[in-house]
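First the structure, in the form of structure tokens, and then the observations on it.
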Amino acid sequence: MAVVSTEMRDRVAIVWIDNPPVNALSQAVRAGLLSAVEELDGNSEVSAVVLACKGRTFIAGADIREFDKPPMEPHLPDVIARIEAASKPWIAALHGTALGGGFEVALGCHYRVADPRAKVGLPEVHLGLIPGAGGTVRLPRLTPVANAVQMVSGGRPVGATEPLAQGIFDSVAQSSDELLDAALTLARQTAGKPAPAGLSGRDPIEPPDEAGWSKLIEAVRSKARGQLSPVEAALAVRDAAELPVDKAFAGERDRFVKLRATDQSKALRHVFFAERQTAKVPAIDGIEPRAVNKCGVIGGGTMGAGIAACLLLAGLAVTLIERDGETVDFALKRVGGLLDASHKRGLVNDAGLAAMKDALGGSTDYAALADCDLVIEAVFEDMNIKREVFARLDQVTRPDAVLATNTSYLDVNEIASAIADPKRVLGLHFFSPAHVMKLVEVIATDTVSADVLATGFALAKRLRKTPVLARVCDGFIGNRILTAYRKQCDYMLEDGALPADIDSAMRQWGMPMGLFEMADMAGLDIGWAMRKRQAATRDPAERYVRIADKLCEMGRFGQKTGAGWYTYDEGSREPKPDPIVEQIIVEESRERGITREKFSAEQIQARILDAMVSEGKKILDEGIAQRASDIDMVMILGYGFPRWRGGPMFMAERFKG
Ligand code: 3HC
Ligand code: NAI
């Protein structure tokens, strides 16, 4: 079956692209399009052309898999230029997601008709690139330049009714079924007329002045946190608005080709495929997950409330169990608050919010879970309490109900052994805030059945999260690496660094915040309690840094007490370095007989990366993670590791030796 074919409807030709799964612009598609335009231009029976795609979407962009191979003719910019120069009008019929090169093809057409649910966008920045086939030049001639900067440097696709889509579509069909008819109608209206001038022949719309440009580009730079492509994208649009069009096309291509060869783009392409790889688990391939509609959540604290909100937002019913009437009320209010916030942000409409609130119930009685398909436990991090909860679940839940724990560190095998049939127990480790964070570690116990594991993956997907498989160990993938990272930071404190040195080095590296700022936000008391519990079993030969314990002994638990690693003014979250903390640290080094030495930002970054990588390698060797790229995804999605660096394991592989 040809990837590009032509069908005649009266005097209108429909050029169909059929290249599953997403109609990417492979060499065969580009060649097919080029021959179609040549042939139809020479065919006097044809008066207009509709370009449409089979399957779930219009063209979703260049074929990313071809980026590491030598470029093959015909090149996309030439194909698009040829469509723009066609003697007959070309009308793009857009459905699904017209992205990157796909949207650029549509910009080369003379008209654009959209399915009401279609989205268009230039997401190349997420691959460390900018559009390479005229997108930065044609878009600001269709929509105001400031909109184009936003679309190209932000990469977010926009729907037909969004204000940002102003000017992009010539018409929007009434429904998805009517898209082709709407495009054919427009084609008939234009039939017989010569194709109008293409976008590259027009002037840019409302270009900003010098001050406007500085503001736009500075805003993009500060948001990019070290990533190159968003800034390059904005600069390319500026060139497009100010230079002659040929120079702008050449400049865009030049930036694209240079960016494609950067480490950042290679890293982001790795992440693109890594993110899609995590759900590929041979053990559950072809296994049917269990049906999940009614869920239970035990514990409505920070995590339980977030998990409940997340389940409700995905259309599931939730019964929340707490310890007493007061904690039930508090938890329900908390969940309601999270739903209200989603409603306020426009993520849920009035009817949706009402339905979600109806689907939420609370109780102190575990019997309320009798008809649940799946229960997620999120009570205190204490093995005895968790085992007790699971023993109760064993008595009240259906024998086929899936039981999950959200534990951060505890042994899920031991928790599962509290159940007569441990095959139905697994770990589902969410990240805080649970209704926002994209990562879920799915923890496979030694006894879990394949369909229960498949249910964990299916649920994560339904919640629009990225599931990563981990086996049981202390902290699974992410928290185990976090522990190694934290230890390394503690060692550096004793060896000569201060919290602000480390935090600032990690921000420069591209992390949203440093470890000590993060600890102050989360609260130091939880880690302190854990260290006290572990004290009896700790290897006395292991290097142990006491600084955090000393802060906790002073009641410095972080932001909530106004002081932790930093101090905070009343009502402020702005961390301020504190001379008392510095004094404690310096004193500790002296007591340990360590001569303090200054660390550069690069040294701090290198020590942290080494710590992450060596723990990551152990995790792989022990079979805790399936593959190195899964570890990268955990660190990126769960811990703010900069996406454009590709993850610790990618970096270790790329820069080894
Ligand atoms: N090239 C090659 N493969 C692609 C691809 C692309 N552009 N887009 C998606 N795929 C593959 C995926 O890897 C996946 O393969 P797998 O089944 O083997 O894992 C398969 O297609 C399906 O993709 P998804 O699982 O992501 O499917 P969804 O339905 O969830 O999402 C989508 C569809 C929104 C189109 C999403 O795939 C997407 O965002 N794709 C990338 C879009 C993009 O970045 N386009 C720009 C490319 S760069 C470019 O065009 C440069 C130009 O300016 C010259
Ligand atoms: P939390 O202290 O905020 O909430 C725990 C809730 O459980 C409280 O509301 C408490 O009343 C309730 N609870 C305690 N025992 C109960 C019982 N027997 N029956 C019913 N309810 C009971 O704790 P948080 O932070 O929500 O943590 C919960 C679990 O999630 C822990 O295992 C933790 O390790 C894990 N976790 C925490 C993350 C975080 O960032 N806070 C991230 C990922 C996992």
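Numbers for the structure displayed
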| quantity | calculated |
| --- | --- |
| Residues Ala219 and Arg507, FRET efficiency given R0 of 22 Å [Cβ-Cβ distance, rounded to 0.05] | 0.75 |
| Table column - 3J(HN,Hα) (Hz), segment 200-207, Karplus curve with 6.51, -1.76, 1.60, x for Gly and Pro | 5, x, 9, 8, x, 9, 6, x |
| Whole-Å semi-axes of the ellipsoid equivalent to segment 4-256 (Cα gyration tensor, √5λ, descending) | 29, 19, 17 |
| Residue list for segment 442-464, given a label point 7 angstrom along the Cα-to-Cβ vector of Asp421 and an amide N cut-off under 18 Å | 445-456 |
| Flagged links, alpha-carbon separation over 22 Å, of Lys487/Lys532; Lys215/Lys266; Lys386/Lys461 | Lys215/Lys266; Lys386/Lys461 |
| Three principal axis lengths of the chain [C-alpha, angstrom, descending] | 88, 61, 47 |
| Within-15-Å neighbourhood charge of Ala183 [Cβ basis; K, R +1; D, E -1] | -1 |
| In range of the label at Lys532: residues from segment 554-575 whose backbone nitrogen is under 20 Å from the point 7 Å along Cα→Cβ | 554-565 |
| Local electrostatic count, Asp365, Cβ distance below 14 Å [Lys/Arg +1, Asp/Glu -1] | -1 |
| Highest average packing first - 451-462, 18-29, 128-139, Cβ atoms within 10 Å | 128-139, 451-462, 18-29 |
| Inter-centroid distance (Cα atoms) of segment 151-165 relative to segment 1-41, Å | 27 Å |
| Residue exposure sequence - Met437, Met635, Met151 - by fewest surrounding Cβ within 10 Å | Met437, Met635, Met151 |
| Net length gained if the chain between Thr595 and Ile287 were fully extended (0.36 nm per residue, minus Cα distance) | 105.0 nm |
| Ranking of Ile547, Ile526 by count of other Cβ atoms within 10 Å, fewest first | Ile526, Ile547 |
| DSSP-loop GluC sites (Glu not before Pro) across segment 30-80, with at most 11 other Cβ within 10 angstrom | Glu45 |
| Farthest positive-ward along the chain dipole, Cα basis, beta-carbon charges - from Val29, Thr262, Val292 | Val29 |
| Point-to-point label distance, Arg398-Asp254, nm (Cα→Cβ direction, 7 Å offset) | 6.5 nm |
| Length gained when the stretch Thr185-Asp446 is fully extended (0.36 nm per residue, less Cα-Cα span) | 87.9 nm |
| Net charge of Cβ neighbours under 15 Å - reference Glu7; Lys, Arg +1; Asp, Glu -1 | -2 |
| Those trypsin sites (Lys or Arg not before Pro) in segment 192-292 that DSSP places in a loop and that have at most 11 other beta carbons within 10 Å | none |
| Distance between modelled label sites at Met383 and Ser26, nm, 7 Å Cα→Cβ extension | 5.3 nm |
| Stretch gain in nm, segment Lys618-Glu162, where the contour uses 0.36 nm per residue and the Cα spacing is subtracted | 159.4 nm |
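Every number here is computed from the coordinates shown, using simple stated rules; none is lab data. The shown structure was predicted, so the numbers you read here are calculated from the model rather than taken from an experiment. For neighbour counting, all protein chains shown are included, and Cβ atoms are generated from backbone atoms with ideal geometry for every residue, glycine included.
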